[in-house]
Amino acid sequence: MRDAYRIQRSGDELSLFPGLIGFRPVASDRVIDWSLLFDVPGRPLAARARPIDGCLPEPLLKLPVDITGTLDDQDFESLAVRDLQRGVATGLPSGEAVATFVGETPLGREDIGLSEFGWSGETPLWYYLLKEAEVCEEGERLGPVGSLIVGEVLLGIVDGDPESFRSVDPSWRPTLPSRTRGRFGLADLLVPADDASDA
């Protein structure tokens, strides 16, 4: 994640918090021009994401009170602390345990890089997935365990909906024309129907 994003071509960069905080009606100057985030034919290239790594941007280490509520312990301003606490409370397995369970070779301690800070246990899952992307994919995409988890969660949501296309007709495939790399992608949803029909 970045500290700030431009969401309209003629607009300024907005800080993640409070500029882009959710849970409220979207003002006209906060309506997103999605072509700034996804490559859309006929538009300038979208902004590139920074590589995925084990570092969290400042806004996620000091979450605003609009998100955290009033805190007795200021450590809980940090998303990292909250994720660690939630993982322990729910008995979430470590990244190494999940990697082994799905048949992947776990990252080594030198890849994780926490030993230099005195950490001797297995790696919290959320941090493991960030480091896996950094080590295995140079931060360009999620690694094998992260991809599997995200993919299975998304498919589980769609398949759990009795009215989804996959539930109603398991043989269904997208029918909108593809204009990206010969296969249907997320950016194809952003192309107006009249433009897509010209493809």
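The values are calculated or read from the model by the stated rules, or taken from the named source; none is laboratory data. This is a predicted model, so every value here is computed, not measured. Counting neighbours? That spans all protein chains shown, and the Cβs are built from the backbone with ideal geometry, glycine included. Only protein heavy atoms, including side chains, enter the accessible area calculation; ligands, DNA and RNA are left aside. Shrake-Rupley method; radii C 1.70, N 1.55, O 1.52, S 1.80 Å.
Roughly speaking, what is the stretch gain from MET1 to ASP169, that is 0.36 nm per residue apart minus the C-alpha to C-alpha distance, in nm to one decimal?
Values: separation 168, 0.36 × 168 = 60.48 nm, distance 3.64 nm.
The span from MET1 to ASP169 would gain 56.8 nm if fully extended.
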Given a 1.4 Å probe and every protein chain left where it sits, what share in percent of the accessible area of the chain is carbon and sulfur? 57 percent
Sorted from largest down, what three extents in whole angstroms do the Cα atoms of segment 51-122 have along their principal axes? 42, 26, 25
Cα convex hull of the chain, projected area averaged across orientations, nm²: 15.3 nm²
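How would you rank 24-35, 99-110, highest first, on the average number of other Cβ atoms within 10 Å across their residues?
Values: 24-35: 11.2, 99-110: 13.9.
In descending order of packing, they fall as 99-110, 24-35.
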Tell me, what is the percent relative contact order of the chain, built from C-alpha pairs under 8 Å that lie six or more residues apart? 16 percent
Testing the spin-label approximation: label points 7 Å from Cα along Cα→Cβ at LEU154 and ASP111. State their distance in nm. 2.3 nm
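I need the per residue convex hull volume for segment 6-76, using only the alpha carbons, in cubic angstrom as a whole number.
Taking the convex hull of the Cα positions in segment 6-76, it is 109 Å³ per residue.
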Helix 144-159 axis, angle to the chain major axis (alpha carbon atoms, nearest 10°): 50 degrees
